[in-house]
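S.K.: So that we are looking at the same thing, I have put the structure below in structure tokens.
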Amino acid sequence: MPVVRDNATALYRQIADRLRDEIAARLFEPSGRLPTESEIGARFGVSRVTVRLALDRLEADGLIERRKGKGTFTAGKRVQHPLDRLRSFHESLRLQGLDATMRPLSARVVATPADLREDFGPRCLEVCRLHLVDGEPVALGRSLLPPALESIDWQATGHRPIYGILQDVVGKPVGGADIEVKAAAADGEVAAVLGLPGGAPVLVMDRRSVFVGGGCADRSVFHVRSERYSFVLSHRWEG
């Protein structure tokens, strides 16, 4: 529906009200990204100045947030990770229809922690990857993996979920995982990678996955930006 140009209400207010209704109706899900200023201007047949005034009004009301170089998003939009299904962190993002990518940061052989030596031996592989949505960091993942994965070219395959790589190399699917989620303050290194101030609150997901038939598949820790991400658990009453 076009804006009414002979209406006493300013054009930018009409556009702001229209976008407000669409935000409330969740029309910009799942990513929360609004159209660009030029797209909004073309839709309503108005100048970019008018569009910016409308967006300024929505921003002042706390309904949107502008991210430099990324676009305009509904405020407080969070992506979700269901805890009642066995999915890799990356797969959970992709299944929500999000533009999710991974950036390999490092891969090195390290001494295996005592509680994993029975499964991995004295040395294991440590892989660190940055998870992004719409090009913006949402989580830093650090995974301890079987030494059989040492030969993987992580720069070339870093976009693939860990579970898929494990099955390809080890030949066994992942059958389960124990997950713990807690709150913490980001240390300097984590904060810098996630684009947060030092000491900012983050969610920490500690995951220990096992293969079908037993044996540890991975031990991963994800530091997650708490304002962009939430963990959800669904229960159904059976009676």
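The values are calculated or read from the model by the stated rules, or taken from the named source; none is laboratory data. In this text the structure is predicted, and so the values were computed from the model without any measurement. With ideal geometry, Cβ positions are generated from the backbone for all residues, glycine too; neighbour counts draw on all protein chains shown. What goes into the accessible areas is simple: the full protein's heavy atoms, side chains included, and nothing from ligands, DNA or RNA. Shrake-Rupley method; radii C 1.70, N 1.55, O 1.52, S 1.80 Å.
S.K.: Would you mind telling me which numbered condition in (1) part of a helix (DSSP H, G or I); (2) in contact with a His (Cβ under 9 Å, 6 or more places away or on another chain); (3) open to solvent by 60 Å² or more (accessible area, probe 1.4 Å) His159 fails?
M.R.: (1)
S.K.: Regarding Leu105, is this residue open to solvent by 70 Å² or more (accessible area, probe 1.4 Å), assigned to a loop (DSSP other than H, G, I, E, B) and either in contact with a strand residue (DSSP E or B) (Cβ under 9 Å, 6 or more places away or on another chain) or in contact (Cβ under 8 Å) with a residue 12 or more places away in the chain (or both)?
M.R.: Considered against the rule, which asks whether it is open to solvent by 70 Å² or more (accessible area, probe 1.4 Å), assigned to a loop (DSSP other than H, G, I, E, B) and either in contact with a strand residue (DSSP E or B) (Cβ under 9 Å, 6 or more places away or on another chain) or in contact (Cβ under 8 Å) with a residue 12 or more places away in the chain (or both), Leu105 comes out as no.
S.K.: I'm told Leu194 meets every condition in (1) open to solvent by less than 40 Å² (accessible area, probe 1.4 Å); (2) more than 18 Å from the chain's Cα centre (by Cα); (3) farther than 25 Å from Arg123 by Cβ except one. Can you identify the failing condition by its number?
M.R.: Evaluating Leu194 over (1) open to solvent by less than 40 Å² (accessible area, probe 1.4 Å); (2) more than 18 Å from the chain's Cα centre (by Cα); (3) farther than 25 Å from Arg123 by Cβ leaves (2) as the failure.
S.K.: Now for a separate question. Taking region 138-149 on its own, how many of its residues are surrounded by fewer than 17 Cβ atoms within 10 Å (Cβ to Cβ) and either among the basic types (Lys, Arg) or within 10 Å of the chain's Cα centre (by Cα) (or both)?
M.R.: Total meeting the criteria: 1.
S.K.: Asp61: out of contact with any Leu (no Cβ under 6 Å at 6 or more places or on another chain), in contact (Cβ under 8 Å) with a residue 60 or more places away in the chain and under 23 Å from Leu19 (Cα atoms), yes or no?
M.R.: Spelling it out, it is not the case that Asp61 is out of contact with any Leu (no Cβ under 6 Å at 6 or more places or on another chain), in contact (Cβ under 8 Å) with a residue 60 or more places away in the chain and under 23 Å from Leu19 (Cα atoms).
S.K.: Six or more apart or on different chains, Cβ under 8 Å: which pairs go from a residue in region 114-139 that's in contact (Cβ under 8 Å) with a residue 24 or more places away in the chain and in a helix (DSSP H, G or I) to one that's surrounded by fewer than 17 Cβ atoms within 10 Å (Cβ to Cβ) and not β-branched (Val, Ile, Thr)? Could you list them?
M.R.: Listed pairs, sorted by first residue: Asp119/Gly215; Phe120/Pro147.
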